[in-house]
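The structure appears right after this line, and notes come after that.
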Amino acid sequence: MSYRVLSRETVALEPPGPVVRPASSLARPSARGKFLFVGSEKFYVRGVTYGTFRPDESGSEFPRPVAVRRDFELMARSGINTVRTYTAPPRWVLDAAQAQGLRVLVGLAGERSAGYLCDGRLPPVEEWLEPALGACAGHPAVLGYAVANEIPAPTVRWLGARPVERYLERLCTLVRRADPGSLVTYVNYPTTEHLELPFVDFLGFNVYLESQEQFGAYLARLQNLAGDRPLLMTELGLDSLRNGEEAQSSSIAWQVRSAFASGCAGAFVYAWTDEWYRGGAEVDDWAFGLTRRDRSPKPALAAVQRAFRDVPFGPDSRWPRISVVVCSYNGARTLRDCLEGLRRLEYPDFEVIVVDDGSTDATAAIAHEHCFRVISTENRGLSNARNTGAAAATGEIVAYTDDDARPDPHWLHYLADAFRREGWAGVGGPNIAPAADGWVAHCVANAPGGPLHVLVSDREAEHIPGCNMAFRKTALESVGGFDPRFRVAGDDVDLCWRLLDRGMKLGFHPGAMVWHHRRSSLRAYWRQQRGYGKAEALLEAKWPERYNEMGHATWTGRLYGAGPTRALSWRRSRIYQGVWGLAPFQSLYEKSAGTLASLTLMPEWYLVVLTLGALSLGGFAWRPLGYALPAFAGALAVPILQAWRSTRSASFPGPPRTWRERLGRRPLTAFLHLAQPAGRLIGRLRHGLTPWRRGPARGWSMPVGRTLRTWSENPSPSWQRLESVEAALRASGGVVRRGGDFDRWDLELRGGLLGAGRMRMAVEEHGQGRQMVRMRLWTRCAPGAVTLAAFLTLAAIGSALAGAPAAALGIGGGAAALAVWMARDCGFAMAGLRRAAAEAGSEPR
């Protein structure tokens, strides 16, 4: 223990932390996935804010050099490695930071000019930005630049979000031009959370919440806003003047630990000292500093030192044993990178099991080279391989990753921490495409069809992808492991649904990151998407109730991941601002796509395009069919416009390296957006997942409404009788849906794409244990099909009246075909409902 005598009191300091190398000996920091790296080493920002201070005679907003050097020396001794300033420092400040091994997040104070936007007289940005950058550009101590800090919410509300976003994007562009390769961000805060900032390298947020539970929940939300980018807490802290120094110390300690445990790449404690100057005056009614005005340490400084020493987790924590299972079939090309990543895991208690699923390449040999346990089997498919690994696991948690994924060194720490904090049965994390992959792989990463996770809240998941998932071994065993029918894909979705049906819950941790190589060729991507289409067909056959009439999974949560196609919709996002714009947390709410917009995102839209195209070609033989040409052109234009819109928002790691990449990466990304639904469609159609498939119910009954009545001497509440009917429907393979809170129907049975049957029950009590049970059955045709049939009927009548009998016959035939299709599906549903009602003891009278 070391002691230092200061002006006010003697303060015990913690033993010094790890030796910090001078900044000049380190490579320039970069943002990779959810974290920052310096060279090949992860760099956790252990930071403190510095300033603002009273300007001196020259206008510099920093203390004298002697005071700055003394401050930086004490920061370095306290385990701090980064300083955040609010204005651009002169060169000598950066030199002083470099001498102590500190990096600097340079604030450029762009918020001071943002108010001019309201009056439309913004001075040239270059006038104040270029001099500020001139002193900092290229300096080895610079971590990055914060172009602005907390543009006030009233200013953003007055201008609108988009002009502010354009202003910030312009600042970021100018910074990158002046200092190429530098990290750039904007420091946001909850009241302008809705700002969309895809152009920053990492997300910076100032958050002050005094409840640990609320703070953790908001960190989870911010992580989802950050997506695949790092999240830094650029301000957190507590005022010791109002709360006391001991309360400040305790609060900052859990804030720092919560930030890193949530997967943040770093945290800045606000502030280094109580000395604070703002708005032309000294501020003396707040005391957020780790040191007092005379730089005597508060208890919070020692608490921060201890918290920073334990980043990301303390060494004396008790960690559960984890078994990592890697299943590989001819994966020698990427397996070595995966196993090298597993060797670099810093987790204290884990094992690695490689299951060689009948590979004919060097998979087993590569695994043996790394001294991991290898289990070789004949080729039996992915699910069997996963079950083999789980059976051999000795850990209480079984973590899975693919042979083309490389985990972050702290991957298992974050997974295990999520299991410790919540009673999750399984936990997943993000999978991010490595920047070092070729440009074709980067295009694939921006295309749809990649591994996505589905979240029902910021922490709870509905689905976690197989390349990055972990489960309690007891949970795996309770559902019988993975279903062997899924040989290539779909096994993870099936397992998640079975766990959820058992009442278990799945979690998501943004810090549990793996690097997942995307397909590096068009052929491999096409093969993958066809395989996904097959997996969807297998899943729909097993879980028909989780799929809609068109054969698409009905997720209750929201899909997260790169590359989704954006719907063409006129529905605008809305910002929750509160009355008079006073809401402290202002979020962006995106409305879901409408029915037509959702339909155009489905692979089956290509069937519409092909049908209209065939009708247009038929116009050469029969002129009336030529009228389908405009509809064909419009249907074809929709996916092209969607691909173009989605490609505009695609992000790539750095500028293009070759002329081929410069010219090809966005066109190729657009092409992949068009090709992916076609690949999925082929896989779905080949394995029976067609829009015209009929429901599993047997038999057909006239699709007319009817009432079933019966006397019962066995009294039961209506909900029990409905459960009996529902069980009978499900036992026959029917796809059943329960009515909601505002529905006047109780059960709905799907008959097919265009028709369903519904049931409503009423139970009358007649005393002495007698009940009259009434069931009303009726059919429901798809509204879109009814509208189209009516339109075709009117068009046929119009053609007949116009003296075009051939056209009337053809169009009327289309309307009749639709009517027959609807009657078929409604009849299937009616037969199923009548059979289930009879089996439940309700006979017609």
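Ranking Gly341, Tyr606, Trp497 by Cα position along the charge dipole of the chain, where only Lys, Arg, Asp and Glu carry charges on their C-beta atoms, puts Tyr606 farthest toward the positive end. The angle separating the long axis of helix 212-226 from the principal Cα axis of greatest extent in the chain is about 70 degrees.
Sorting 129-137, 181-189 by their mean Cβ neighbour count within 10 Å, with the most densely packed peptide first, gives 181-189, 129-137.
Leaving out same-chain residues fewer than 8 places away, which lysines sit with a Cα under 29 Å from that of Lys42? Output for Lys42: Lys34.
At 1.4 Å probe size, with every protein chain present, just tell me what the per residue accessible area of the chain comes to in Å².
On the way: 37770 Å² over 845 residues.
Computed with neighbouring chains in place, this is 45 Å² per residue.
Let's test the formula: R0 of 41 Å, r as the Cβ-Cβ distance of Trp659 and Glu196. What FRET efficiency results, to the nearest 0.05? Walk me through the numbers before you get to the answer.
On the way: r = 31 Å, r/R0 = 0.76.
Efficiency, rounded to the nearest 0.05: 0.85.
Kirkwood analysis of the Cα pair distances in region 296-405 returns a hydrodynamic radius of 15.6 Å.
Which percentage, to the nearest 5, of the DSSP beta bridges contained in the chain is antiparallel? Could you put the intermediate results ahead of the total?
Numbers: 59 of 110 bridges.
Taking every DSSP beta bridge with both residues in the chain, the antiparallel ones total about 55 percent.
Rounded to two decimals, the Cα-based Rg/Rh of region 433-537, with Kirkwood Rh, is 0.99. Kindly list the residues of region 532-565 that lie in the label zone of Leu599, defined by a backbone N under 18 Å from the point 7 Å along the Cα-to-C-beta vector. Backbone N within reach: 548-553. Exposed loop sites were defined as GluC sites (Glu not before Pro) in DSSP loop states (anything but H, G, I, E or B) carrying at most 10 other C-beta atoms within 10 Å; in the chain the longest segment without such a site runs 379-712. Dipole magnitude for region 309-414: computed about the Cα centre from +1 point charges on Lys and Arg Cβ and -1 point charges on Asp and Glu Cβ, it is near 120 debye. Kirkwood hydrodynamic radius computed over the chain comes to 30.6 Å, based on all pairs of distinct alpha carbons. Residue-normalised convex hull volume from the C-alpha trace of region 398-483: 125 Å³ per residue.
Go ahead and run the numbers for FRET between Glu57 and Arg242, Cβ-Cβ distance against an R0 of 45 Å, rounding to 0.05. Intermediate results must be reported in sequence, preceding the final value.
Working: r = 34 Å, r/R0 = 0.76.
Given R0 = 45 Å and the Cβ-Cβ separation, E is 0.85.
Averaging 1/r over each pair of different alpha-carbon atoms in region 633-718 and inverting the result gives 18.8 Å, the Kirkwood hydrodynamic radius. The trypsin sites (Lys or Arg not before Pro) found in region 234-320 that occupy coil by DSSP, while having at most 12 further C-beta atoms within 10 Å, are Arg318. Simple rule: put +1 on each Lys or Arg Cβ and -1 on each Asp or Glu Cβ in the chain, find the dipole, and look at Pro434, Pro89, His552; the Cα lying farthest toward the positive end is His552. Converting phi to 3J(HN,Hα) with the Karplus coefficients 6.51, -1.76 and 1.60 and the offset θ = phi - 60°, region 792-801 yields 5, 5, 4, 5, 5, 5, x, 5, 5, 5 Hz in sequence order, with x at every glycine or proline. All Cα-Cα distances of region 736-803, cut into 5 Å bins from zero to the largest, leave 4, 14, 14, 15, 12, 11, 9, 7, 6, 4, 2, 2, 1, 0 percent in each bin in turn.
For the chain, the longest principal axis of the alpha carbon atoms and the long axis of helix 628-648 meet at an angle near 20°. How high is the FRET efficiency from Gln577 to Ala27, r the C-beta distance, R0 41 Å, rounded to 0.05? Once rounded, the FRET efficiency stands at 0.45. Between the C-alpha center of region 208-273 and that of region 275-307 there is a gap of 16 Å. Think of region 64-129 as having a plus end and a minus end, set by charges on the Cβ of Lys, Arg, Asp and Glu; of Ser78, Leu108, Pro124, Ser78 sits farthest toward the positive end of this dipole. Computed from the C-alpha gyration tensor, the three semi-axes of the ellipsoid equivalent to region 134-288 are 26, 19, 17 Å, from longest to shortest.
The separation of region 655-724 from region 420-479, counted between C-alpha centres, amounts to 23 Å. The accessible-area ordering, largest first, of the residues Thr85, Thr658 stands as Thr658, Thr85, per a 1.4 angstrom probe. Only DSSP H runs of four or more residues enter the estimate; each adds -39500 (n - 2.57), and after division by the residues of the chain the mean residue ellipticity at 222 nm equals -12500 deg cm²/dmol.
Using only the C-alpha atoms, the convex hull of region 256-307 corresponds to 93 Å³ per residue.
Counting Lys +1, Arg +1, Asp -1, Glu -1, what net charge surrounds Leu506 among other residues with beta carbon under 9 Å of its beta carbon? Please list the in-between numbers first.
Details: positive: Lys505; negative: Glu460, Glu462.
Charge balance in the 9 Å sphere: -1.
When only the Cβ of Lys, Arg, Asp and Glu is charged (+1, +1, -1, -1), the dipole of the chain relative to its Cα centre reaches about 2600 debye. Taking only Cα atoms, what is the 0 to 90° angle, nearest 10, from helix 805-839's long axis to the longest principal axis of the chain? With both axes taken from Cα atoms, the answer is about 80 degrees.
The alpha-carbon of Lys534 sits under 17 angstrom from the alpha-carbons of these lysines, leaving out residues fewer than 8 places away in its chain: Lys542. Taking Leu342, Leu601 and ordering them by how much accessible surface each has at a 1.4 Å probe, largest first, produces Leu601, Leu342.
The values are calculated or read from the model by the stated rules, or taken from the named source; none is laboratory data. Computed from a predicted model, the values in this text were never measured in an experiment. Here Cβ is always computed from backbone atoms with ideal geometry, including for glycine, and neighbour counts include all displayed protein chains. SASA here: full protein model, heavy atoms, side chains in, ligands and nucleic acids out. Shrake-Rupley method; radii C 1.70, N 1.55, O 1.52, S 1.80 Å.
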